[in-house]
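One structure is given below, encoded as structure tokens.
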Amino acid sequence: MSDILVSVENLRVGFGTTRVLRGISFEIRAGECVAIVGESGSGKSVTARTLVGLAGPGAVVQATRLELNGRDVRRCTGRDWRRLRGGFAGLVLQDALVSLDPLRTVGAEIAESLRVHRRRDTPERLLAEVHVPEPERRARQYPHQLSGGLRQRALIASAIAARPPLLIADEPTTALDVTVQAQILDLLAERRAAAETLLLISHDLAVVARLADRVLVLRDGLIVEEGATRAVLARAPRRPARRPAPVPGPGVVLRADGLRKTYGKHTVVDDVGFTIGRGEILGVVGESGSGKTTVAQLLFGLDAPDAGTVMFEDRPWSGVPEARRRPVRRHLQLIPQDPLSSFDPRWTVRRIVAEALPRGADPLPLLERVGLDARFLSRFPRQLSGGQRQRVAIARALAPRPSLIICDEPVSALDAAVQVQVLDLLADIRATDGTALLVITHDLGVLRYLADRLLVMRAGRVVEAGPVEAVFAGPAHEYTRALLAAVPTVEVSS
């Protein structure tokens, strides 16, 4: 039997009049790891999902050849695909919380995979295999009771339950904290070391550099480059580690003192204080549960601190009625992690941006400033790529000419090329308008590139603070050192 597990020739996938894949061809051999990289909307996730019969509702799939383990799957029925999924290819998606059934325990989810594929194994043993601590206890828990890292491990355990020859991992570490990301990469590296075959979809070149043998680069539904990982990454453009920054202006736009927030018996934010200067970019980094997003909610006024105060534009901001905040509310804006959830799906881009402008004002100049032209005015949110949605969110935040914008994980779900574009846009906004930014992220590379100062949070407290370059050059706290050590890097030297 041939060692070619996947053979694709002239694959084309369309949705209505939109052609997502326009004729791609590639092969995956047993025991190798192939990575597919590309910008938002390039077709990389559609490629992976098509291989397991999940291209999506309304998808029209055509190919000269589409073979899995020597079998022509172009005319597979739904029942055929259900047998192939899990049996031939295990699928690990980006968001385990969405992929796992919220009404079933993790153990029941894995047991179902074992039953369907008639495997004699136990959920507890599979959880132990992917290094889930206390597997017997975790098997009895529901997905929402697990951390992001443990959910991702449970999803991998379910994907490998039938011992499929191919594992497809679609953005398996996106939005995970750097230390958790390192653990998942270690786990995938173990599968590679055991000669398992892996198809990796990722926008993170450091992840690709660690795991992949070969790389396919997709753009607009076409493969524009392919080859050995080292060769492809050596030709990839590099983002400078640090963007030259203008000196922030005098004065303080926001001051927080002694912030504390508890939910039940759990203290989420504990004695946190800092200032943000006018025109300054302050970065806040920490793992899930560190309290960084709660701090953002307290600053924006979405929640009230149990203790401590917030001053904005020299006015009391916390502990006062919204009516007193309203006159300056427009000067404080928020760019959420997932703009799609903050947009009315019935509104066009024109209306989304115009809503934040004075009545009758034209939203097009703002869109053009963030790199979108008049064609986007009539589009709805779901017709936009991730990078385009983020640009619309930035345009909406800029409309009231704010003095401070809070950015919550502004680029965590974007591919590398779009990340740089959005970060450069945020830096240009600060340089041109003098707008201060509070950037909350788990990605230390983002903050090194963009921020002036850095706060490191752990378990609700600030454990380290200082100028970005000083923190990177000589971290004082062991937790900061652990975060820095866990950051994956692109290594292409021979």
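Below are the figures for this structure:
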{"item": "Order of Ser378, Ser385 under a 10 Å beta carbon neighbour criterion, fewest first", "result": "Ser378, Ser385"}
{"item": "Cα gyration tensor shape of region 114-269, rounded if a/c is under 1.5, else prolate or oblate by comparing a/b with b/c", "result": "oblate"}
{"item": "Rounded tilt (10° steps) of 178-193 against the dominant C-alpha axis of the chain", "result": "10 degrees"}
{"item": "Cα pair distances in region 113-168, grouped into 5 Å bins until the bin that holds the longest one, percent each", "result": "4, 21, 31, 24, 14, 5, 0"}
{"item": "For region 1-73, diffusion coefficient by Stokes-Einstein and Kirkwood Rh (Cα), 37 °C, 0.692 mPa s, µm²/s", "result": "258 µm²/s"}
{"item": "Taking region 4-235 and dividing mean pair separation by its residue count, relative contact order in percent (alpha carbons under 8 Å, at least six apart)", "result": "28 percent"}
{"item": "CD proxy at 222 nm, helix term only [per DSSP H run n ≥ 4: -39500 (n - 2.57); per residue of the chain; nearest 500]", "result": "-9500 deg cm²/dmol"}
{"item": "Dimensions in Å of region 4-235 - Rg and Dmax from alpha carbons", "result": "17.2, 50"}
{"item": "Residue exposure sequence - Thr179, Thr47, Thr105 - by fewest surrounding Cβ within 10 Å", "result": "Thr179, Thr105, Thr47"}
{"item": "Highest-first arrangement of 74-80, 147-153, where packing means the average Cβ count within 10 Å", "result": "147-153, 74-80"}
{"item": "Residues Tyr142, Tyr263, Tyr449 arranged by fewest to most Cβ contacts within 10 Å", "result": "Tyr263, Tyr142, Tyr449"}
{"item": "Residue range of the chain that is longest and free of GluC sites (Glu not before Pro) which are both DSSP loop and sparsely packed (at most 13 other C-beta within 10 Å)", "result": "1-354"}
{"item": "Once the Cα gyration tensor of the chain is diagonalised, semi-axes √(5λ) in Å", "result": "40, 27, 22"}
{"item": "Given charges at beta-carbon only (K, R positive; D, E negative), |dipole| of the chain in Debye", "result": "1200 debye"}
{"item": "Per DSSP, loop trypsin sites (Lys or Arg not before Pro) in region 341-400 with at most 14 further Cβ within 10 Å", "result": "Arg346, Arg359"}
{"item": "Furthest towards positive pole of dipole, Gly386, Leu298, Leu11, structure part the chain, Cβ charges", "result": "Leu11"}
{"item": "Protection proxy ranking of 325-331, 434-440 - average other beta-carbon atoms within 10 Å, highest first", "result": "434-440, 325-331"}
{"item": "Percentage relative contact order, the chain, counting C-alpha pairs under 8 Å, at least six apart", "result": "16 percent"}
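Just so you know, all these numbers are worked out from the coordinates, no wet-lab data involved. Not measured: the values here are computed from a predicted model. Note: ideal-geometry Cβ built from the backbone for every residue, glycine included; neighbour counts use all protein chains shown.
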